[in-house]
Amino acid sequence: VGLIILIVIILGVIALRYKSTIDNPLTISNSEVITVNEGDSFYSIINKLSQENKIKNKSMIRIYSKLSGKNIHVLPGKYILMPGMSLKEIVTMLGEEDGNSISVTIPEGYTIDDIANKLEESNICSRDEFINAVKEYPLPSYVKDNPDKRYNLEGFLFPDTYKFEANAEPQYIIETMIKRFEEVWEENTNGLDIAEDDIERVITIASMIEKEARTDEDRSLISSVIYNRLDINSE
């Protein structure tokens, strides 16, 4: 009898852990952008999140995928993980089962007006809704409110390939692109002492020169110009 009770208790604990993981698998406290590359699998994404300590229990997630009986496919793109998302919501967001998802590529050099037109052409959201959302979006701490700029967020919506639902909220689109900007900025300035107040200036310089760049050599020049400008101002 004692053994049976022990087994029941163990099974109960496992069931509770399973439900907790399925209902709320993420350990993040803030939104996180994840990148799904061509050839990535659902399991490779879960493994990466596990290594970064952003999910609770990858074994339980594997059990869920087995019990669901579905072969979970993922599509390349940038996605935002939000605290409190269920595993089903994550699978739906990443997977091909979501028939409303649309992949859209924002090329380098696109202005906010260009992005708005692209989103409307892709049936993701209307141009006017996006433009209005850009104007009303709370500015990150590194972006100053400048009445001389048409859009304060110009240069901070990162060009990349994204996956959004049809009729997506413009605020979500903006948040995704800004999160991607912050991710790339962190990757490329790691080890550099750039003050938060200088970020917008650096991006403005890079954007201006990028419009004229046609070759890799030009892009090397962009980098040197930025560093030189930073050196001059730090003296």
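Observations, loosely collected:
- Residue satisfying all of: in the stretch 94-153; among the basic types (K, R) and closer than 23 Å to A195 by Cα; nearest to the chain's Cα centre (by Cα) among these: K144
- Verdict on I178 being modelled with pLDDT under 80 and open to solvent by less than 70 Å² (accessible area, probe 1.4 Å): no
- The set of residues from the stretch 125-172 being in contact with a helix residue (DSSP H, G or I) (Cβ under 9 Å, 6 or more places away or on another chain), of a type in the set (F, W, Y) and not in a loop (DSSP other than H, G, I, E, B) comprises F130, Y162, F164.
- The stretch 33-58: number of residues that are farther than 21 Å from K163 by Cβ and either aliphatic (A, V, I, L, M) or surrounded by 13 or more Cβ atoms within 10 Å (Cβ to Cβ) (or both): 4
- Search result, residues across the stretch 68-77 that are open to solvent by less than 50 Å² (accessible area, probe 1.4 Å) and without any contact (Cβ under 8 Å) to a residue 40 or more places away in the chain: S68, I72, V74
- Test: S65 is over 24 Å from E175 (Cβ atoms), open to solvent by less than 60 Å² (accessible area, probe 1.4 Å) and not in a loop (DSSP other than H, G, I, E, B): yes
- Selection from the stretch 149-175 of residues that are modelled with pLDDT under 85 and among the charged types (D, E, K, R): K163, E165
- Only one of the listed residues (K48, K19, K88) is in a helix (DSSP H, G or I), touching a residue at least 60 places away in the same chain (Cβ under 8 Å) and out of contact with any Gly (no Cβ under 7 Å at 6 or more places or on another chain). That residue is K88.
The values are calculated or read from the model by the stated rules, or taken from the named source; none is laboratory data. All of these numbers come straight from a predicted model, not from anything done at the bench. Methodologically, a virtual Cβ is constructed for each residue, glycine included, from the backbone with ideal geometry; neighbour enumeration extends over all protein chains shown. The accessibility values were calculated without ligands, DNA or RNA, using every heavy atom of the protein model including side chains. Shrake-Rupley method; radii C 1.70, N 1.55, O 1.52, S 1.80 Å.
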